[in-house]
Amino acid sequence: MRLLKRLFQAPDRGTAPLLYAAIVARGRQPHWYEAGAVPDTIDGRFDMIAAVMSLVLLRLEQDEAAVPFSTHLTEVFIDDMDGQLRQIGIGDIVVGKHVGKMMGMLGGRLGAYRTALADDTLGDALVRNLYRGEAPGPQALAHVENELRALHAKLGDTPIATLLAGDLA
């Protein structure tokens, strides 16, 4: 019976789905697409959510106790991307390949944003990763860069316990 439960019951990821929902809500706020000129497309929304997710993962990696939670959060991201791909009509045969590509993109952005925040080159990283090489106007780029820097600072001040409770704060 346990085998059937493991096969057919959703895994318990604790509060990670709550935090992921908050990440998605933050990444879908209209100001990113209006004032920030992030393309309001499937790719643009993915890139914005990946940017917010990256900042949260960067914060979580600062605490060794949060590593299992980071794994759960990433699994929730994978489940969501899988569902989104199926919803737009991607077939079973290639869903895994697309999800793998998305995970690679998230990993690349995580590294790019980690380096950019340390080197004070976030604007360049955003043009490459969020805008996919098509630089927006300077005001739009400044808006997104300032908002993401503010989120990064806020996350730095947020206790890990708050994030582990599923609250983006």
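Brief remarks follow.
- Among all positions in region 155-163, there is no residue which is among the acidic types (D, E) and farther than 13 Å from V56 by Cα.
- For region 113-140, a residue qualifies if it is free of Cβ contacts under 8 Å to residues at least 40 places away in the same chain and of a type in the set (A, V, I, L, M, F, W, C), and the qualifying residues are A116, A118, L122, A125, V127, A135.
- Of all residues making up region 44-56, the number that are acidic (D, E) and surrounded by fewer than 21 Cβ atoms within 10 Å (Cβ to Cβ): 0
- Just so you know, in region 25-43 the residues that are in a helix (DSSP H, G or I) and modelled with pLDDT under 95 include one that is most open to solvent (accessible area, probe 1.4 Å), and it is I42.
The values are calculated or read from the model by the stated rules, or taken from the named source; none is laboratory data. It should be emphasised that the depicted structure is a prediction, and the values quoted were computed from it without experimental measurement. Cβ coordinates were reconstructed from backbone atoms using ideal geometry, including for glycine residues, and neighbour counts include every protein chain displayed. All accessible areas refer to the heavy atoms of the entire protein, side chains included, with ligands and DNA or RNA removed. Shrake-Rupley method; radii C 1.70, N 1.55, O 1.52, S 1.80 Å.
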